[in-house]
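S.K.: First the structure, then my questions, so here it is.
Every read-out reported here was derived from the displayed coordinates using simple, explicitly stated rules and does not represent laboratory data. Quick caveat: nothing in here was measured; it's all calculated off a predicted structure. Neighbour counts run over all protein chains shown; Cβ positions are idealised from the backbone, glycine included.
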Amino acid sequence: MKGPARLAFWRIILALTALSLGGFGLAVRRLMLSLGIPPSYPKGLALLAGLAVALLVTLALLALTWTPASERLLRALTFAERLEGKAWRMAGWIAFVLVLPLFTLLIMHPYAGGLIGFNLWLRWGFFWGASLLLLVAFKTANKNVEWELALVIVVIIHAIFYRLAFFIPQINNFPFVPGWSESSRFYDASLFFAQRLYGINVPLSVLHPSLHLLYAVPFAIPGAPIVVHRLWQMGLFLGLTVAAGALFVRRLRIEPRGLRWLVFGWAFLFILQGPVYTHLLVPVLLVLWGYDNDNPRRTLCFVLLASIWAGLSRINWFPVPGLLAAALYLLETPRRAYHKTVLYLSRPFNYFSFGTLLAFAGQWLYILASGNSETAQFYSSLSSPLLWERLLPNATFWLGVLPGTLILSLPLWGTLYSSLRKVELNPLRLAGILAALAVLFLGGILVSLKIGGGGDLHNLDAYIVLLMLVAGYAVFGRIAPDQKIQSQETLESENGGVQSLPTLQHFPWAWVLLSALIPAWFALQQVGGPVGGVDLGAAQTALAEIRQQAEAAAANGDPVLFISQRHLLAFGEIDVPLVPEYEKDFLIEMVMSGNVEYLGQFYDDLYHRRFGLIVVEPQVFNLVGDNAHFGPENNAWVRKITRPILCDYEPVATYPEYNLQLLAPRTGPQECP
């Protein structure tokens, strides 16, 4: 890239660097104040002064790009491309390998990560600084790759490395689970083997059956430890995300190989922005793999398979396989191929209608086979209230669902607009594609506003997938045009060979750069915090104490209710009879949907002291404002669960480091908070 476009690129880099330095400096100042470091502390002053000088220098360089000295400045900034020779090339690769893990190791460090891991400006500042070093190293090793493309490559590789590194510590043999849903996932998956594990038949899970079906596989191996299950779940998530990226690239038939790998890495990051959850990637894979525009019967078979799976997943995903297939049809089939509009639209209509109907049928068959008598529980989300404040920035999701989705979408919509100008599409096709995107966008927004949602963008999953697919088809010229208005650009070199990597002259480079930076930015938000060592010895001691109390209560003939940490029963860590009711994830679902009958039975069991011991997260009667992080959910739990429990039960042991509490029946009258 030469001339004004090259100058504009470096202006953006310098402006982004200045912004990063400014935000980083303010974040450092706030960190110092939070640690009680006085403003006059010499080392702190020196650090802030150094950041201020760096910011001023960057702004000065940015100003110079509008002066006659701009050419000399660009020559200085691009010095790495003039470091010739095999030795420099080797040095560049060595430097790249050495710098690549530095930022990730810093965030994963128990002390440093604890200081900076949860501050986005600090994370971004370190990430961007390391990316610039990687850019110089990469250009030193690859003279023929333009700076613009080199930066895209570096940012994608850097973000993927950072994102993948944080999956590794999650594969461990720690007996307790720190998060909200992991224990529930283990338990619900175990229900497919309930007779062997618990000695009784238990109704299958109402929530996310397809996810638990996938997670159930390791339970087929008797005695498989928890580390095997965690490895399987992580492998599924990463493997299916990789498969989705690979099938996406395959459908686009991208050449050359270097560009194919780059787009594959970008697709992996883009999918993770939601993220798209494991079980919801399965119907995406089936449609991407099975769609054949020349074989509608094959396509319909795969759409129906994907729809059955969607019927076991989420109600808002019932129409998604059919919509994906319909969109692929509109992308690949010119309007001029059919004389009549009805005939042209018959295939996408069949994909959508038959797919959606079969999704409902699949859910109905699962309900019959699951052993659950209350079918209304499968539709609990339909009666949950909407929290409209989560549409905009809020304490639960600082970006807000709408701004976050617009930021995620912006580069692809820009790229899509620029690319569609090359091909004239029939308005009917364009309207159909835009309508499918609009339906999935609005549906994802609506589901995100349900109580319990809106903490990230994972409910926009179907919209994310379709937008990625449509933009990919547009950028790489795979949309079948109704009438070409300019020749298709190729990525071949003048001598007929294929370049290892293309120049960005084939694409709107500013949108391409944003398409790399924004997924990297989202990656920094989705993962954060230090990775400290776990004390397995202390955990085993606590587990032995919990086991002793639980088994003693069971020996007295009293049922033991595990609301939380129910996976300890699934893995045989504690040997007490299972009480199937009132599991935590399902209990909060019944609270949010206002299931009075289910909660009434729960209250009756508490009042009559049915359970000799209750295992749950520490219960504190603490109401917060609705503007607090997941405030409405917290208050609903406190009012509907915590208060009734504490009326009839009292804590006998608390393990705050494991987010666990044991409660026994009160010996006296009710003492309600």
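S.K.: Counting only residues 5 or more places away or on other chains, whose amide H sits under 5 Å from the amide H of Tyr649 once H atoms are built in the peptide plane?
M.R.: HN-HN under 5 Å from Tyr649: Arg666.
S.K.: Along the charge dipole of region 536-665, Cβ charges K/R +1 and D/E -1, which of Leu561, Ile546, Gln661 sits furthest on the positive end?
M.R.: So the residue furthest toward the plus end is Gln661.
S.K.: Could you sort 224-235, 36-47 so that the peptide with the highest average Cβ count within 10 Å comes first and the rest follow in order?
M.R.: 224-235, 36-47
S.K.: Still on this structure, I have one more. Strictly under 4.7 angstrom between C-beta atoms: which cysteines of the chain have no such partner?
M.R.: Result for the chain is Cys301, no neighbouring Cys Cβ within the cutoff.
S.K.: Rounding to the nearest 20 debye, state how big the charge dipole of the chain is about its Cα centre with +1 on each Lys and Arg Cβ and -1 on each Asp and Glu Cβ.
M.R.: 2600 debye
S.K.: How far apart, in nm, are the 7 Å Cα→Cβ label points at Leu59 and Ala15?
M.R.: 1.6 nm
S.K.: Still on this model: Report the extension gain between Leu105 and Ser34 in nm, rounded to one decimal, defined as 0.36 nm multiplied by the number of residues separating them, less their alpha carbon distance.
M.R.: Roughly 23.2 nm would be gained on extension.
S.K.: Restricting to lysines 8 or more places apart or on different chains, can you count the pairs in the chain with Cα atoms under 20 Å from each other?
M.R.: 8
S.K.: Going by average Cβ neighbours within 10 Å, how do the peptides 134-145, 648-659 rank, with the highest at the top?
M.R.: The most tightly packed comes first, giving 134-145, 648-659.
S.K.: Put a dot 7 Å past each Cα toward the Cβ at Asp535 and Phe193; how far apart are the dots in nm?
M.R.: 3.2 nm
S.K.: Taking 0.36 nm per intervening residue step and subtracting the Cα-Cα distance, what contour gain separates Leu164 from Ser70 on full extension?
M.R.: Extending this stretch completely gives an extra 29.9 nm.
S.K.: Quickly rank 318-331, 613-626, 82-95 as a protection proxy: mean count of other C-beta atoms within 10 Å, highest first.
M.R.: Sorting 318-331, 613-626, 82-95 by mean packing, highest first, produces 318-331, 613-626, 82-95.
S.K.: For region 3-170, just say rounded, prolate or oblate: build the C-alpha gyration tensor, square-root its eigenvalues into a ≥ b ≥ c, call rounded for a/c under 1.5, and beyond that prolate if a/b exceeds b/c, oblate if not.
M.R.: oblate
S.K.: Next question, about the same structure. Set the Förster distance to 45 Å, then compute FRET efficiency between Asp604 and Ala431 from the Cβ-Cβ distance, nearest 0.05.
M.R.: Working from the Cβ atoms, E equals 0.25.
S.K.: Dividing the convex hull volume of the alpha carbon atoms of region 630-673 by its residue count, what do you get in Å³ per residue?
M.R.: For region 630-673, the hull spanned by Cα atoms encloses 70 Å³ per residue.
S.K.: Also: For the chain, return all DSSP H helices satisfying: extent of Cα atoms along own axis at least 30 Å; mean Kyte-Doolittle hydropathy at least 0.5.
M.R.: Those that pass (Cα extent of 30 Å or more, hydropathy at least 0.5) are 3-34, 42-64, 120-141, 226-252, 341-370, 427-448.
S.K.: If you wrap a convex hull around the C-alpha atoms of region 536-665 and split its volume per residue, what is the figure in Å³?
M.R.: 107 Å³
S.K.: Collect residues whose amide H, placed 1.01 Å from N in the peptide plane, falls under 5 Å from the amide H of Phe562; neighbours closer than 5 in sequence don't count.
M.R.: Those lying under 5 Å, H to H, from Phe562 are Val579, Val615.
S.K.: Given charges of +1 on the Cβ of Lys and Arg and -1 on the Cβ of Asp and Glu, with all other atoms neutral, how large is the dipole of region 536-665 about its Cα centre, in debye to the nearest 20?
M.R.: Computed about the Cα centre, the dipole is about 180 debye.
S.K.: How far is it, in nm, from the label point at Arg257 to the one at Leu45 when both lie 7 Å from their Cα along the line to the Cβ?
M.R.: With each label placed 7 Å out from Cα toward Cβ, I get 5.9 nm.
S.K.: Would you mind checking region 355-399 for residues with the amide N under 13 Å from a putative spin-label position 7 Å along Cα→C-beta of Leu442?
M.R.: Label zone hits: none.
S.K.: Lys/Arg Cβ at +1, Asp/Glu Cβ at -1, dipole of the chain taken about the Cα centre: which of Leu513, Phe248, Leu45 is farthest positive-ward?
M.R.: Working it through, the farthest residue towards the positive pole turns out to be Leu513.
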